[in-house]
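A.B. asks: First the structure, then my questions, so here it is.
The values are calculated or read from the model by the stated rules, or taken from the named source; none is laboratory data. Being a predicted model, the structure only gives us computed values, none of them experimental. Neighbour counts are summed over all protein chains in view; Cβ atoms, including those assigned to glycine, are modelled from backbone coordinates with ideal geometry.
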Amino acid sequence: MKMDQYFASLARKFSDLNPGGICDMLEQRVESCDEAGKTFVCSYPVRKWMVNANSFLHGGITAAMFDQAMGVLSMYCAKGRETPTIDIRVSFCRPVPGNTRLFIRSRILGVGNTLIQTAADAYLEGEPDVIVASGCAAYHIIHNKANRQEARNAIQETGEDRS
């Protein structure tokens, strides 16, 4: 399955599992992806319910957007296995006003046998060089007996040291 198709199917899966949940509420839109570069760009509308008393995007909502953007990329790199977040950090550089569109550019820093490390930066529509927030996260790859051998085979095929 192509990368963009995977992200679309994953959004449907999350929506089916938890209709009206946070994934639906954030309204992630796939903008672009690069399988070779292991990068993913998505965007989110900044709705009224997402802003704080100063009419800027709430930090917790920003962190949820980062987690979703980097998390779906980690799941893709883990070949669909679950990848719960074990660490996430978000640095806020500039306020994000309401009624705008926030873009998040995610990338894979490293893929190991049990851990995926990601990084991302966010910008407003039309201003890709002005970073408003940046973040990084680590995701744990859930293995069961059936897919442990598959992971070992993938390591051998690519020649990558994933430890």
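Yes/no per residue for (1) on the phi < 0 side of the Ramachandran plot; (2) within 16 Å of the chain's Cα centre (by Cα):
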| position | (1), (2) |
| --- | --- |
| Ser55 | no, no |
| Met65 | yes, yes |
| Gly71 | yes, yes |
| Ala78 | yes, yes |
| Glu82 | yes, yes |
| Ile88 | yes, yes |
| Ser91 | yes, yes |
| Pro95 | yes, no |
| Asn99 | no, no |
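A.B. asks: Any residue that is out of contact with any Asp or Glu (no Cβ under 7 Å at 6 or more places or on another chain) and either among the acidic types (Asp, Glu) or part of a helix (DSSP H, G or I) (or both) - is there at least one of those in region 80-89?
C.D. replies: Yes, some residue in region 80-89 is out of contact with any Asp or Glu (no Cβ under 7 Å at 6 or more places or on another chain) and either among the acidic types (Asp, Glu) or part of a helix (DSSP H, G or I) (or both).
A.B. asks: Could you check region 1-44 and list, in sequence order, the residues that are among the aliphatic types (A, V, I, L, M) and either in contact with a Ser or Thr (Cβ under 9 Å, 6 or more places away or on another chain) or not in a loop (DSSP other than H, G, I, E, B) (or both)?
C.D. replies: Hits for region 1-44 are Met1, Met3, Ala8, Leu10, Ala11, Leu17, Ile22, Met25, Leu26, Val30, Val41.
A.B. asks: I'm trying to understand the selection: among the residues of region 104-122, which are modelled with pLDDT of 95 or more and either in contact with a helix residue (DSSP H, G or I) (Cβ under 7 Å, 6 or more places away or on another chain) or crowded, with 23+ Cβ neighbours inside 10 Å (or both)?
C.D. replies: Selection gives Ile104, Ser106, Ile108, Val111, Ile116, Thr118, Ala120, Ala122.
A.B. asks: Can you pull out the residues in region 45-68 that are without any contact (Cβ under 8 Å) to a residue 40 or more places away in the chain, surrounded by fewer than 13 Cβ atoms within 10 Å (Cβ to Cβ) and not in a loop (DSSP other than H, G, I, E, B)?
C.D. replies: Residues satisfying the conditions are Trp49, Gly60.
A.B. asks: Another question about this same structure. Among the numbered criteria (1) out of contact with any helix residue (DSSP H, G or I) (no Cβ under 6 Å at 6 or more places or on another chain); (2) not in a helix (DSSP H, G or I), which single criterion is violated by Gly71?
C.D. replies: The single condition Gly71 does not satisfy is (2).
A.B. asks: Could you tell me whether region 12-32 includes any residue that is surrounded by 14 or more Cβ atoms within 10 Å (Cβ to Cβ) and at pLDDT below 85?
C.D. replies: yes
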